[in-house]
Amino acid sequence: MIISRKIVRPINDIDLDDPHTDSSYRELEPLLNKLRTQNAKVGHQLDELKQSKEQLELIIGSMSEGIIIADQKLNVVSYNPASALLLGSSAFTVGQNIYGMNNSDDFRKCVLDALGGRRSECIIRIGSGERNIIASPAKSMERVCGVVAFVMDVTEKHKLETMRREFTANVSHELKTPLTAIYGISDMLASGMVRAEDVAGFGGNIRSEAERLISLVSDTIALSKLDEGTGADETEVLDVYAIAQDVLKRLEHTASEKDVTLSLEGESVDVNVNKTMLTEMLYNICDNGIKYNKQGGSLEVTVGKERRNAVITVKDTGIGIPYEQQGRIFERFYRGDKSRSDKIKGTGLGLSIVKHSVMQMGGNIRVESIPDKGTAFIVELPAMS
Ligand code: ADP
(Lines give C-alpha, C1' and ligand atoms only; values in the text may rest on other atoms or scores of the structure.)
Protein backbone atom coordinates (compact mmCIF):
# COMPACT_ATOMS: atom_id res chain seq x y z
CA MET A 1 0.00 0.00 0.00
CA ILE A 2 2.74 2.43 1.03
CA ILE A 3 4.81 1.43 -1.98
CA SER A 4 2.00 1.89 -4.44
CA ARG A 5 1.21 5.31 -2.89
CA LYS A 6 4.81 6.28 -3.35
CA ILE A 7 4.75 5.24 -6.99
CA VAL A 8 1.52 7.10 -7.74
CA ARG A 9 2.44 10.34 -5.86
CA PRO A 10 4.38 11.99 -8.72
CA ILE A 11 1.39 11.34 -10.96
CA ASN A 12 -1.01 12.82 -8.42
CA ASP A 13 1.31 15.80 -8.01
CA ILE A 14 1.00 16.76 -11.66
CA ASP A 15 -0.71 20.13 -12.07
CA LEU A 16 -3.09 19.32 -14.94
CA ASP A 17 -3.46 23.01 -15.84
CA ASP A 18 0.29 23.44 -16.07
CA PRO A 19 2.11 20.12 -16.58
CA HIS A 20 5.93 20.68 -16.35
CA THR A 21 8.42 18.29 -17.92
CA ASP A 22 11.02 18.71 -15.19
CA SER A 23 9.66 15.76 -13.28
CA SER A 24 11.99 13.59 -11.24
CA TYR A 25 10.65 10.62 -13.20
CA ARG A 26 11.97 10.61 -16.74
CA GLU A 27 9.34 7.91 -17.49
CA LEU A 28 6.55 10.48 -17.00
CA GLU A 29 7.89 12.85 -19.63
CA PRO A 30 5.92 11.44 -22.64
CA LEU A 31 2.71 11.65 -20.59
CA LEU A 32 3.44 15.23 -19.54
CA ASN A 33 4.22 16.19 -23.12
CA LYS A 34 0.94 14.75 -24.31
CA LEU A 35 -0.94 16.56 -21.53
CA ARG A 36 0.69 19.84 -22.52
CA THR A 37 -0.23 19.52 -26.23
CA GLN A 38 -3.75 18.48 -25.27
CA ASN A 39 -4.06 21.50 -22.97
CA ALA A 40 -2.91 23.83 -25.73
CA LYS A 41 -5.40 22.26 -28.16
CA VAL A 42 -8.34 22.56 -25.76
CA GLY A 43 -7.40 26.18 -24.97
CA HIS A 44 -7.25 27.00 -28.66
CA GLN A 45 -10.63 25.37 -29.32
CA LEU A 46 -12.19 27.26 -26.40
CA ASP A 47 -10.86 30.54 -27.82
CA GLU A 48 -12.31 29.69 -31.22
CA LEU A 49 -15.68 28.80 -29.71
CA LYS A 50 -15.77 32.06 -27.73
CA GLN A 51 -14.86 34.00 -30.84
CA SER A 52 -17.57 32.44 -33.00
CA LYS A 53 -20.13 32.91 -30.20
CA GLU A 54 -19.22 36.60 -30.02
CA GLN A 55 -19.40 36.88 -33.81
CA LEU A 56 -22.83 35.24 -33.86
CA GLU A 57 -24.09 37.53 -31.10
CA LEU A 58 -22.78 40.55 -32.98
CA ILE A 59 -24.48 39.49 -36.23
CA ILE A 60 -27.81 38.65 -34.54
CA GLY A 61 -27.63 41.82 -32.44
CA SER A 62 -27.14 44.09 -35.44
CA MET A 63 -29.80 42.44 -37.63
CA SER A 64 -32.88 44.48 -38.50
CA GLU A 65 -34.94 41.26 -38.47
CA GLY A 66 -35.93 39.83 -35.11
CA ILE A 67 -34.91 36.38 -33.85
CA ILE A 68 -36.42 34.70 -30.81
CA ILE A 69 -35.29 31.31 -29.50
CA ALA A 70 -37.47 29.53 -26.96
CA ASP A 71 -37.14 26.14 -25.24
CA GLN A 72 -39.68 23.31 -25.13
CA LYS A 73 -41.63 25.03 -22.33
CA LEU A 74 -41.72 28.13 -24.55
CA ASN A 75 -39.50 30.13 -22.22
CA VAL A 76 -37.30 32.50 -24.19
CA VAL A 77 -33.63 31.48 -24.12
CA SER A 78 -32.36 34.24 -26.35
CA TYR A 79 -33.71 37.13 -28.46
CA ASN A 80 -32.19 40.08 -30.27
CA PRO A 81 -33.08 43.79 -29.72
CA ALA A 82 -34.81 43.95 -33.14
CA SER A 83 -37.43 41.37 -32.10
CA ALA A 84 -38.44 43.37 -29.01
CA LEU A 85 -38.51 46.56 -31.09
CA LEU A 86 -40.57 45.05 -33.92
CA LEU A 87 -43.05 43.47 -31.53
CA GLY A 88 -43.21 46.56 -29.30
CA SER A 89 -42.29 44.57 -26.16
CA SER A 90 -39.48 46.63 -24.68
CA ALA A 91 -40.03 45.35 -21.11
CA PHE A 92 -39.32 41.73 -22.10
CA THR A 93 -36.50 39.73 -20.43
CA VAL A 94 -34.86 36.35 -21.09
CA GLY A 95 -36.57 33.50 -19.23
CA GLN A 96 -40.10 34.86 -19.73
CA ASN A 97 -42.69 32.98 -21.78
CA ILE A 98 -42.56 33.73 -25.53
CA TYR A 99 -46.18 34.97 -25.42
CA GLY A 100 -44.86 37.88 -23.38
CA MET A 101 -43.49 39.09 -26.73
CA ASN A 102 -46.87 38.87 -28.42
CA ASN A 103 -50.09 37.33 -27.28
CA SER A 104 -52.21 37.39 -30.43
CA ASP A 105 -54.01 34.23 -31.58
CA ASP A 106 -52.05 34.12 -34.84
CA PHE A 107 -48.70 34.38 -33.06
CA ARG A 108 -49.69 31.64 -30.57
CA LYS A 109 -50.84 29.33 -33.36
CA CYS A 110 -47.60 29.90 -35.28
CA VAL A 111 -45.46 29.08 -32.23
CA LEU A 112 -47.54 25.99 -31.34
CA ASP A 113 -47.31 24.70 -34.93
CA ALA A 114 -43.51 25.01 -34.75
CA LEU A 115 -43.48 23.21 -31.41
CA GLY A 116 -45.52 20.47 -33.08
CA GLY A 117 -42.72 20.10 -35.66
CA ARG A 118 -44.16 22.21 -38.53
CA ARG A 119 -42.72 25.43 -39.94
CA SER A 120 -45.43 28.07 -39.71
CA GLU A 121 -45.95 31.62 -40.93
CA CYS A 122 -48.34 34.45 -40.11
CA ILE A 123 -48.80 38.20 -40.37
CA ILE A 124 -49.63 40.15 -37.22
CA ARG A 125 -50.50 43.81 -36.71
CA ILE A 126 -48.45 45.97 -34.36
CA GLY A 127 -49.92 49.47 -34.17
CA SER A 128 -50.20 50.66 -37.76
CA GLY A 129 -47.47 48.26 -38.95
CA GLU A 130 -47.46 44.65 -40.08
CA ARG A 131 -44.98 41.93 -39.06
CA ASN A 132 -44.28 38.63 -40.76
CA ILE A 133 -43.58 35.82 -38.26
CA ILE A 134 -41.85 32.63 -39.40
CA ALA A 135 -41.60 30.02 -36.65
CA SER A 136 -39.62 26.79 -37.12
CA PRO A 137 -39.04 23.81 -34.82
CA ALA A 138 -35.57 23.64 -33.22
CA LYS A 139 -34.49 19.99 -33.27
CA SER A 140 -31.89 17.98 -31.43
CA MET A 141 -31.42 14.27 -32.23
CA GLU A 142 -34.58 14.43 -34.38
CA ARG A 143 -36.67 15.61 -31.41
CA VAL A 144 -38.21 19.08 -31.15
CA CYS A 145 -36.49 20.86 -28.26
CA GLY A 146 -37.75 24.39 -28.88
CA VAL A 147 -38.81 27.05 -31.35
CA VAL A 148 -36.92 29.59 -33.46
CA ALA A 149 -39.05 32.54 -34.61
CA PHE A 150 -38.09 35.22 -37.15
CA VAL A 151 -39.82 38.61 -37.11
CA MET A 152 -39.78 40.88 -40.19
CA ASP A 153 -41.30 44.30 -40.82
CA VAL A 154 -43.48 43.95 -43.94
CA THR A 155 -45.46 47.21 -43.61
CA GLU A 156 -43.86 48.90 -46.63
CA LYS A 157 -43.93 45.75 -48.74
CA HIS A 158 -47.68 45.32 -48.15
CA LYS A 159 -48.38 49.00 -48.82
CA LEU A 160 -46.53 48.73 -52.15
CA GLU A 161 -48.38 45.55 -53.07
CA THR A 162 -51.75 47.23 -52.36
CA MET A 163 -50.71 50.29 -54.38
CA ARG A 164 -49.61 48.10 -57.27
CA ARG A 165 -52.89 46.14 -57.21
CA GLU A 166 -54.96 49.34 -57.16
CA PHE A 167 -52.81 50.79 -59.93
CA THR A 168 -53.31 47.76 -62.19
CA ALA A 169 -57.06 47.85 -61.53
CA ASN A 170 -57.17 51.59 -62.35
CA VAL A 171 -55.10 51.23 -65.53
CA SER A 172 -57.30 48.40 -66.77
CA HIS A 173 -60.41 50.46 -66.06
CA GLU A 174 -59.01 53.57 -67.77
CA LEU A 175 -57.90 51.53 -70.81
CA LYS A 176 -61.28 49.91 -71.15
CA THR A 177 -63.22 53.18 -71.55
CA PRO A 178 -61.54 54.45 -74.76
CA LEU A 179 -61.25 50.92 -76.14
CA THR A 180 -65.00 50.37 -75.70
CA ALA A 181 -65.70 53.69 -77.45
CA ILE A 182 -63.39 52.79 -80.34
CA TYR A 183 -65.00 49.37 -80.64
CA GLY A 184 -68.52 50.86 -80.64
CA ILE A 185 -67.78 53.49 -83.29
CA SER A 186 -65.85 51.17 -85.58
CA ASP A 187 -68.65 48.61 -85.30
CA MET A 188 -71.15 51.20 -86.52
CA LEU A 189 -68.81 52.19 -89.37
CA ALA A 190 -68.30 48.55 -90.36
CA SER A 191 -72.04 47.81 -90.42
CA GLY A 192 -72.57 50.60 -92.98
CA MET A 193 -75.10 52.36 -90.73
CA VAL A 194 -73.23 55.66 -90.83
CA ARG A 195 -74.06 58.22 -93.50
CA ALA A 196 -71.14 59.21 -95.71
CA GLU A 197 -71.09 62.79 -94.40
CA ASP A 198 -70.81 61.56 -90.77
CA VAL A 199 -67.84 59.24 -91.39
CA ALA A 200 -65.24 62.00 -90.86
CA GLY A 201 -66.78 62.94 -87.49
CA PHE A 202 -66.75 59.34 -86.28
CA GLY A 203 -63.17 58.99 -87.55
CA GLY A 204 -62.24 62.03 -85.47
CA ASN A 205 -63.81 60.42 -82.39
CA ILE A 206 -61.78 57.27 -82.94
CA ARG A 207 -58.61 59.35 -83.28
CA SER A 208 -59.20 61.28 -80.05
CA GLU A 209 -59.97 58.06 -78.12
CA ALA A 210 -56.80 56.52 -79.57
CA GLU A 211 -54.85 59.63 -78.50
CA ARG A 212 -56.18 59.11 -74.98
CA LEU A 213 -55.03 55.50 -75.08
CA ILE A 214 -51.56 56.55 -76.23
CA SER A 215 -51.15 59.14 -73.45
CA LEU A 216 -52.41 56.65 -70.88
CA VAL A 217 -49.93 54.02 -72.04
CA SER A 218 -47.02 56.54 -72.21
CA ASP A 219 -47.85 57.88 -68.72
CA THR A 220 -48.05 54.34 -67.33
CA ILE A 221 -44.69 53.46 -68.87
CA ALA A 222 -43.17 56.69 -67.45
CA LEU A 223 -44.53 55.88 -63.98
CA SER A 224 -43.36 52.29 -63.96
CA LYS A 225 -39.90 53.43 -65.08
CA LEU A 226 -39.87 55.86 -62.15
CA ASP A 227 -41.07 53.12 -59.79
CA GLU A 228 -38.25 50.88 -60.94
CA GLY A 229 -35.82 53.77 -60.47
CA THR A 230 -34.58 53.36 -64.05
CA GLY A 231 -34.06 56.00 -66.72
CA ALA A 232 -32.59 58.66 -64.44
CA ASP A 233 -29.08 57.28 -63.99
CA GLU A 234 -27.48 59.56 -66.53
CA THR A 235 -27.25 63.06 -65.16
CA GLU A 236 -25.65 66.17 -66.59
CA VAL A 237 -25.20 69.80 -65.67
CA LEU A 238 -28.17 71.69 -67.09
CA ASP A 239 -29.29 75.30 -67.04
CA VAL A 240 -32.88 75.27 -65.80
CA TYR A 241 -33.59 78.59 -67.52
CA ALA A 242 -32.54 77.18 -70.92
CA ILE A 243 -34.62 74.02 -70.38
CA ALA A 244 -37.66 76.16 -69.48
CA GLN A 245 -37.10 78.16 -72.68
CA ASP A 246 -37.17 74.95 -74.77
CA VAL A 247 -40.29 73.70 -73.01
CA LEU A 248 -42.18 76.95 -73.61
CA LYS A 249 -41.13 76.86 -77.27
CA ARG A 250 -42.59 73.36 -77.61
CA LEU A 251 -45.85 74.57 -76.06
CA GLU A 252 -46.27 77.70 -78.23
CA HIS A 253 -48.81 76.07 -80.52
CA THR A 254 -50.95 74.67 -77.66
CA ALA A 255 -50.90 78.08 -75.94
CA SER A 256 -51.88 79.99 -79.06
CA GLU A 257 -54.89 77.69 -79.57
CA LYS A 258 -56.16 78.88 -76.18
CA ASP A 259 -54.83 82.40 -76.59
CA VAL A 260 -52.62 82.00 -73.52
CA THR A 261 -49.57 84.28 -73.28
CA LEU A 262 -46.32 82.55 -72.26
CA SER A 263 -43.45 84.35 -70.52
CA LEU A 264 -40.13 83.45 -68.89
CA GLU A 265 -38.37 85.51 -66.21
CA GLY A 266 -35.31 85.10 -64.00
CA GLU A 267 -31.74 83.92 -64.36
CA SER A 268 -29.62 80.90 -65.33
CA VAL A 269 -29.24 78.30 -62.58
CA ASP A 270 -27.32 75.04 -63.04
CA VAL A 271 -28.55 71.72 -61.72
CA ASN A 272 -27.11 68.22 -62.15
CA VAL A 273 -30.04 65.97 -63.11
CA ASN A 274 -31.38 63.76 -65.88
CA LYS A 275 -32.30 65.91 -68.89
CA THR A 276 -35.42 64.00 -69.99
CA MET A 277 -36.73 63.93 -66.44
CA LEU A 278 -36.30 67.67 -65.89
CA THR A 279 -37.75 68.53 -69.31
CA GLU A 280 -40.80 66.27 -69.01
CA MET A 281 -41.45 67.45 -65.45
CA LEU A 282 -41.51 71.10 -66.54
CA TYR A 283 -43.49 70.28 -69.68
CA ASN A 284 -46.18 68.54 -67.61
CA ILE A 285 -46.64 71.48 -65.22
CA CYS A 286 -46.65 74.09 -68.01
CA ASP A 287 -49.01 71.99 -70.16
CA ASN A 288 -51.44 71.86 -67.21
CA GLY A 289 -51.03 75.63 -66.75
CA ILE A 290 -52.32 76.10 -70.32
CA LYS A 291 -54.89 73.30 -70.24
CA TYR A 292 -56.53 74.59 -67.05
CA ASN A 293 -56.21 78.24 -68.05
CA LYS A 294 -58.93 80.59 -69.22
CA GLN A 295 -59.20 81.83 -72.78
CA GLY A 296 -56.82 84.79 -73.08
CA GLY A 297 -55.01 84.01 -69.81
CA SER A 298 -51.29 83.88 -69.10
CA LEU A 299 -48.60 81.45 -67.93
CA GLU A 300 -45.46 82.82 -66.32
CA VAL A 301 -42.36 80.77 -65.57
CA THR A 302 -39.72 82.21 -63.22
CA VAL A 303 -36.31 80.62 -62.58
CA GLY A 304 -34.19 81.80 -59.66
CA LYS A 305 -31.73 80.71 -56.98
CA GLU A 306 -32.55 80.73 -53.29
CA ARG A 307 -29.88 79.56 -50.86
CA ARG A 308 -28.66 76.25 -52.40
CA ASN A 309 -31.71 75.60 -54.55
CA ALA A 310 -32.87 76.33 -58.05
CA VAL A 311 -36.45 77.55 -57.66
CA ILE A 312 -38.86 77.23 -60.59
CA THR A 313 -42.28 78.86 -60.30
CA VAL A 314 -44.98 78.13 -62.86
CA LYS A 315 -47.89 80.52 -62.35
CA ASP A 316 -51.12 80.57 -64.34
CA THR A 317 -54.27 82.66 -64.36
CA GLY A 318 -56.53 79.62 -64.78
CA ILE A 319 -59.47 77.97 -63.08
CA GLY A 320 -57.53 77.27 -59.85
CA ILE A 321 -57.84 74.22 -57.59
CA PRO A 322 -60.39 74.07 -54.75
CA TYR A 323 -58.58 73.98 -51.39
CA GLU A 324 -59.90 70.52 -50.45
CA GLN A 325 -58.52 69.04 -53.69
CA GLN A 326 -55.04 70.53 -53.38
CA GLY A 327 -53.78 67.68 -51.17
CA ARG A 328 -54.93 65.04 -53.67
CA ILE A 329 -53.77 66.29 -57.06
CA PHE A 330 -50.43 64.40 -56.86
CA GLU A 331 -52.22 61.05 -56.37
CA ARG A 332 -52.25 58.55 -59.22
CA PHE A 333 -55.39 58.84 -61.38
CA TYR A 334 -56.78 61.75 -59.37
CA ARG A 335 -58.65 64.23 -61.58
CA GLY A 336 -60.39 67.33 -60.29
CA ASP A 337 -64.19 67.42 -60.65
CA LYS A 338 -64.01 70.46 -62.89
CA SER A 339 -61.46 68.81 -65.20
CA ARG A 340 -63.90 65.95 -65.70
CA SER A 341 -67.07 68.01 -66.06
CA ASP A 342 -65.41 70.48 -68.44
CA LYS A 343 -64.12 67.48 -70.44
CA ILE A 344 -60.52 68.69 -70.30
CA LYS A 345 -58.40 65.82 -71.62
CA GLY A 346 -56.12 64.06 -69.17
CA THR A 347 -55.21 60.78 -67.50
CA GLY A 348 -54.82 61.96 -63.90
CA LEU A 349 -51.25 60.64 -63.96
CA GLY A 350 -49.36 63.81 -64.98
CA LEU A 351 -48.80 65.33 -61.54
CA SER A 352 -47.96 62.00 -59.91
CA ILE A 353 -45.22 61.62 -62.55
CA VAL A 354 -44.12 65.20 -61.79
CA LYS A 355 -43.97 64.57 -58.04
CA HIS A 356 -42.13 61.28 -58.46
CA SER A 357 -39.58 62.92 -60.81
CA VAL A 358 -38.98 65.87 -58.48
CA MET A 359 -38.34 63.51 -55.56
CA GLN A 360 -35.99 61.40 -57.68
CA MET A 361 -34.06 64.58 -58.55
CA GLY A 362 -33.68 65.29 -54.83
CA GLY A 363 -36.10 68.24 -54.77
CA ASN A 364 -39.58 69.11 -53.60
CA ILE A 365 -42.78 70.56 -55.05
CA ARG A 366 -45.73 72.48 -53.61
CA VAL A 367 -48.85 74.11 -54.93
CA GLU A 368 -50.54 77.43 -54.13
CA SER A 369 -53.91 78.04 -55.72
CA ILE A 370 -56.95 80.26 -55.52
CA PRO A 371 -60.08 78.96 -57.26
CA ASP A 372 -61.04 81.08 -60.29
CA LYS A 373 -57.87 83.16 -59.95
CA GLY A 374 -55.02 80.81 -60.75
CA THR A 375 -52.43 78.32 -59.61
CA ALA A 376 -48.69 78.36 -58.92
CA PHE A 377 -46.49 75.27 -58.75
CA ILE A 378 -43.17 75.86 -56.98
CA VAL A 379 -40.38 73.36 -57.59
CA GLU A 380 -37.06 73.41 -55.71
CA LEU A 381 -34.08 71.40 -56.99
CA PRO A 382 -30.58 71.21 -55.51
CA ALA A 383 -28.45 73.73 -57.44
CA MET A 384 -24.79 73.35 -58.44
CA SER A 385 -22.64 75.58 -56.28
P1 ADP B 1 -54.77 65.44 -65.57
O2 ADP B 1 -54.34 66.82 -65.96
O3 ADP B 1 -54.46 64.42 -66.58
O4 ADP B 1 -56.16 65.36 -65.07
P5 ADP B 1 -52.78 65.70 -63.49
O6 ADP B 1 -52.20 64.65 -62.60
O7 ADP B 1 -51.84 66.45 -64.35
O8 ADP B 1 -53.88 64.97 -64.32
O9 ADP B 1 -53.56 66.73 -62.59
C10 ADP B 1 -54.49 66.26 -61.61
C11 ADP B 1 -55.59 67.27 -61.39
O12 ADP B 1 -55.04 68.47 -60.81
C13 ADP B 1 -56.25 67.75 -62.68
O14 ADP B 1 -57.30 66.88 -63.06
C15 ADP B 1 -56.76 69.13 -62.30
O16 ADP B 1 -57.99 69.01 -61.64
C17 ADP B 1 -55.73 69.62 -61.28
N18 ADP B 1 -54.74 70.56 -61.88
C19 ADP B 1 -53.48 70.28 -62.24
N20 ADP B 1 -52.84 71.38 -62.66
C21 ADP B 1 -53.72 72.39 -62.59
C22 ADP B 1 -53.67 73.80 -62.88
N23 ADP B 1 -52.56 74.37 -63.36
N24 ADP B 1 -54.78 74.51 -62.64
C25 ADP B 1 -55.90 73.94 -62.15
N26 ADP B 1 -56.02 72.64 -61.86
C27 ADP B 1 -54.94 71.86 -62.08
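In the stretch 373-385, which residues are modelled with pLDDT of 95 or more and either of a type in the set (A, V, I, L, M) or part of a loop (DSSP other than H, G, I, E, B) (or both)? Show your work before the answer.
Of the stretch 373-385, the ones modelled with pLDDT of 95 or more are 373-383.
Once the filter is applied, which keeps residues that are modelled with pLDDT of 95 or more and either of a type in the set (A, V, I, L, M) or part of a loop (DSSP other than H, G, I, E, B) (or both), the stretch 373-385 yields Lys373, Ala376, Ile378, Val379, Leu381, Ala383.
Name, by its number, the condition in (1) assigned to a loop (DSSP other than H, G, I, E, B); (2) more than 7 Å from the ligand (Cβ to nearest atom) that does not hold for Glu368.
(1)
Any idea how many residues of the stretch 111-166 are surrounded by 13 or more Cβ atoms within 10 Å (Cβ to Cβ), of a type in the set (D, E, K, R) and without any contact (Cβ under 8 Å) to a residue 24 or more places away in the chain?
3
Which of the residues spanning the stretch 100-119 are of a type outside the set (A, V, I, L, M, F, W, C) and under 17 Å from Ile67 (Cβ atoms)?
Within the stretch 100-119, the subset of a type outside the set (A, V, I, L, M, F, W, C) is 100, 102-106, 108-109, 113, 116-119.
Listed by number, the residues that qualify are Gly100, Asn102, Arg119.
Counting only residues that are outside any helix (DSSP H, G or I) and under 30 Å from Met281 (Cα atoms), how many does the stretch 173-229 have?
Restricting attention to the stretch 173-229, the residues satisfying the condition of being outside any helix (DSSP H, G or I) are 191-195, 229.
Filter once more, keeping what is under 30 Å from Met281 (Cα atoms): 229.
Residues flagged as outside any helix (DSSP H, G or I) and under 30 Å from Met281 (Cα atoms) within the stretch 173-229 amount to 1.
So, in the stretch 291-338, of the ones that are β-branched (Val, Ile, Thr) and out of contact with any strand residue (DSSP E or B) (no Cβ under 6 Å at 6 or more places or on another chain), which residue ends up farthest from the ligand (Cβ to nearest atom)? I'd like the intermediate steps shown before the answer.
Step one: of the stretch 291-338, the residues β-branched (Val, Ile, Thr) are 301-303, 311-314, 317, 319, 321, 329.
The next check asks that each one be out of contact with any strand residue (DSSP E or B) (no Cβ under 6 Å at 6 or more places or on another chain); those that pass are 319, 329.
Numbers: Ile319: 5, Ile329: 4 Å.
Per the criteria, the residue is Ile319.
Report, by residue number, each residue of the stretch 45-81 that is acidic (Asp, Glu) and over 27 Å from Arg108 (Cα atoms). Give the steps one after another, and end with the answer.
Kept after step one, since they are acidic (Asp, Glu), are these residues of the stretch 45-81: 47-48, 54, 57, 65, 71.
Once the filter is applied, which keeps residues that are acidic (Asp, Glu) and over 27 Å from Arg108 (Cα atoms), the stretch 45-81 yields Asp47, Glu48, Glu54.
Applying the selection to the stretch 313-349, what residues are among the basic types (Lys, Arg), part of a loop (DSSP other than H, G, I, E, B) and under 24 Å from Leu248 (Cβ atoms)?
Looking only at the stretch 313-349, we keep the residues that are among the basic types (Lys, Arg), and these are 315, 328, 332, 335, 338, 340, 343, 345.
Okay, now just the ones that are also part of a loop (DSSP other than H, G, I, E, B), so 328, 332, 335, 343, 345.
Lys345 - this is the single residue of the stretch 313-349 that is among the basic types (Lys, Arg), part of a loop (DSSP other than H, G, I, E, B) and under 24 Å from Leu248 (Cβ atoms).
Could you tell me whether Ser357 is among the small types (Gly, Ala, Ser), more than 9 Å from the ligand (Cβ to nearest atom), under 22 Å from Glu228 (Cβ atoms) and in contact (Cβ under 8 Å) with a residue 40 or more places away in the chain? Steps first, please.
Values: among the small types (Gly, Ala, Ser): yes; more than 9 Å from the ligand (Cβ to nearest atom): yes; under 22 Å from Glu228 (Cβ atoms): yes; in contact (Cβ under 8 Å) with a residue 40 or more places away in the chain: yes.
Criteria met by Ser357.
The values are calculated or read from the model by the stated rules, or taken from the named source; none is laboratory data. Since we're looking at a predicted model, the values are computed, not measured. All Cβ positions, glycine included, derive from the backbone under ideal geometry; neighbour counts span all protein chains shown.
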